[in-house]
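Engineer: Quick one: this structure, given as structure tokens, is what I'll be asking you about.
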């Protein structure tokens with residue numbers, strides 16, 4: 001029994017050590033409304049900013065980006081499709 | 001896209017002066033209404049030597065006057081966009097009483113025609129973090145590694161293409177990041193995106 005448990009634990013450890021390239025570690029976000037710009041006094045568009053923390057070798061890199069609402073919904077849609085694809089393997 | 005908008009921000013702060021309106025009346029020398037239209041649209045983008053030279057020859061005026069006219073048109077069109085002047089009355093009110101009446105009407109018409117496009121451009125060009133332009137993904141099944149010879153673990157690669165609308169001088173405007181996500185990470189991301197979606201619907205509902 002112990003041998004089986006230990007093997008399972010070792011396998012999980014080994015799996016956890018499998019190479020991952022640019023592994024995504026964390027995602028932070030904020031969103032709000034653009035009130036005005038130097039070109040337009042009153043704007044009123046919603047913006048969404050994402051920060052992705054990516055493991056690069058031994059250190060991490062932060063990737064910042066901005067999305068419009070349509071881009072956000074597309075991102076969400078694509079990630080749902082990716083998840084559905086992943087679930088084919090379970 | 002390599003437009004440089006630095007000067008437009010400097011000019012934006014300037015209100016229209018009587019000197020600007022004097023410069024605008026140089027447009028009376030234009031050979032046609034289409035020439036006036038062309039000059040207005042080109043000036044909105046910003047000054048350039050080519051534009052000044054073309055305008056000087058089209059209007060048969062010295063280059064210095066052409067440059068001043070470009071600047072005044074630029075200030076006017078950006079003033080209209082900044083304050084969102086969207087009716088003829090609002091734009092006509094910018095001009096002094098003494099301004100040539102037909103020219104005033106023509107310039108107003110041209111500004112009204114182009115405002116929607118210019119406003120959309122201003123919104124898409126505004127100061128921003130790199131914008132997500134394209135997203136591609138791939139799901140792989142990892143069947144072996146240096147730590148385990150036989151395995152069956154799905155993993156997801158996501159490639160994000162970002163474009164910086166205002167890259168710094170010498171900087172690249174398009175960058176690509178590819179990240180790898182485990183199933184757990186993807187679930188966490190979807191959880192986060194779901195929460196964003198819920199928060200957004202609260203904001204949109206207000």
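The values are calculated or read from the model by the stated rules, or taken from the named source; none is laboratory data. A quick note: this is a predicted structure, and the numbers were derived from the prediction, not measured. Heads up, the Cβs are rebuilt from the backbone with ideal geometry, glycines too, and the neighbour counts pull from every protein chain shown.
Engineer: Quick one: in the stretch B:182-191, which of the residues that are at the interface with chain A (Cβ under 8 Å from one of its Cβ atoms) and surrounded by fewer than 17 Cβ atoms within 10 Å (Cβ to Cβ) is farthest from residue A:33 (Cα to Cα)? Walk me through it before giving the result.
Structural biologist: Residues of the stretch B:182-191 that are at the interface with chain A (Cβ under 8 Å from one of its Cβ atoms), as a first pass: B:182-183, B:185-190.
Then keep just the ones that are surrounded by fewer than 17 Cβ atoms within 10 Å (Cβ to Cβ); that gives B:187-188, B:190.
Details: B:187: 28, B:188: 25, B:190: 23 Å.
Here the answer is B:187.
Engineer: Mind listing whichever residues of the stretch B:32-57 are closer than 19 Å to residue B:106 by Cβ and either at pLDDT below 90 or out of contact with any helix residue (DSSP H, G or I) (no Cβ under 7 Å at 6 or more places or on another chain) (or both)?
Structural biologist: Matches in the stretch B:32-57: B:32, B:34, B:38.
Engineer: Residues of the stretch A:35-62 being within 23 Å of residue B:123 (Cα to Cα) and assigned to a strand (DSSP E or B), which ones?
Structural biologist: A:45, A:46, A:47, A:48, A:49, A:50, A:51
Engineer: While we're on this one: Of the numbered conditions (1) at positive phi; (2) at the interface with chain B (Cβ under 7 Å from one of its Cβ atoms), residue A:54 satisfies every one except a single condition; which is it?
Structural biologist: The one condition residue A:54 does not meet is (1).
Engineer: For the stretch A:36-50, enumerate the residues that are loosely packed, with under 15 Cβ neighbours inside 10 Å, at pLDDT 90 or above and touching a helix residue (DSSP H, G or I) at 6+ places or on another chain (Cβ under 8 Å).
Structural biologist: The one that is loosely packed, with under 15 Cβ neighbours inside 10 Å, at pLDDT 90 or above and touching a helix residue (DSSP H, G or I) at 6+ places or on another chain (Cβ under 8 Å): A:41.
Engineer: Read through the list (1) surrounded by 13 or more Cβ atoms within 10 Å (Cβ to Cβ); (2) at the interface with chain B (Cβ under 8 Å from one of its Cβ atoms); (3) under 12 Å from the mean Cα position of the chain (by Cα), then give the number of the only condition that residue A:26 fails.
Structural biologist: Exception for residue A:26: condition (2).
Engineer: Can you pull out the residues in the stretch B:161-181 that are touching a residue at least 24 places away in the same chain (Cβ under 8 Å) and within 7 Å of chain A (Cβ to nearest Cβ)? Explain how you work it out, then say what you get.
Structural biologist: Initially, the stretch B:161-181 is screened for residues touching a residue at least 24 places away in the same chain (Cβ under 8 Å), giving B:161-166, B:173-175, B:180-181.
Residues satisfying the conditions are B:162, B:180, B:181.
Engineer: Now for a different question. Select, from B:71, B:49, the only residue that is assigned by the TED database to the domain that holds residue B:26, out of contact with any strand residue (DSSP E or B) (no Cβ under 7 Å at 6 or more places or on another chain) and in contact (Cβ under 8 Å) with a residue 24 or more places away in the chain. Please lay out each step first, then the result.
Structural biologist: Details: B:49 fails: in contact (Cβ under 8 Å) with a residue 24 or more places away in the chain.
Just one listed residue meets the conditions, B:71.
Engineer: Criterion first (modelled with pLDDT of 90 or more, more than 30 Å from residue B:149 (Cα to Cα), within 7 Å of chain B (Cβ to nearest Cβ) and within 14 Å of the chain's Cα centre (by Cα)) does residue A:65 satisfy it?
Structural biologist: On the way: modelled with pLDDT of 90 or more: yes; more than 30 Å from residue B:149 (Cα to Cα): yes; within 7 Å of chain B (Cβ to nearest Cβ): yes; within 14 Å of the chain's Cα centre (by Cα): yes.
So residue A:65 passes the test.
Residues checked against (1) touching a helix residue (DSSP H, G or I) at 6+ places or on another chain (Cβ under 6 Å); (2) farther than 30 Å from residue B:34 by Cβ:
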residue	(1), (2)
B:109	no, no
B:113	no, no
B:148	yes, yes
B:169	no, yes
B:177	no, yes
B:185	no, yes
B:190	yes, yes
B:198	no, yes
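Engineer: Taking the options A:6, A:62, name whichever one is surrounded by fewer than 14 Cβ atoms within 10 Å (Cβ to Cβ), within 20 Å of residue B:164 (Cβ to Cβ) and out of contact with any helix residue (DSSP H, G or I) (no Cβ under 6 Å at 6 or more places or on another chain). Steps first, answer last, please.
Structural biologist: Numbers: A:6 fails: within 20 Å of residue B:164 (Cβ to Cβ).
The conditions single out A:62.
Engineer: If a residue must be assigned to a loop (DSSP other than H, G, I, E, B) and either out of contact with any strand residue (DSSP E or B) (no Cβ under 6 Å at 6 or more places or on another chain) or more than 30 Å from residue A:69 (Cβ to Cβ) (or both), how many such residues does the stretch B:94-131 contain?
Structural biologist: 9
Engineer: If you don't mind, another one. Looking for something at the interface with chain B (Cβ under 7 Å from one of its Cβ atoms), surrounded by 17 or more Cβ atoms within 10 Å (Cβ to Cβ), touching a residue at least 24 places away in the same chain (Cβ under 8 Å) and within 13 Å of the chain's Cα centre (by Cα) - is there at least one such residue anywhere in the stretch A:75-86?
Structural biologist: Within the stretch A:75-86, not a single residue is at the interface with chain B (Cβ under 7 Å from one of its Cβ atoms), surrounded by 17 or more Cβ atoms within 10 Å (Cβ to Cβ), touching a residue at least 24 places away in the same chain (Cβ under 8 Å) and within 13 Å of the chain's Cα centre (by Cα).
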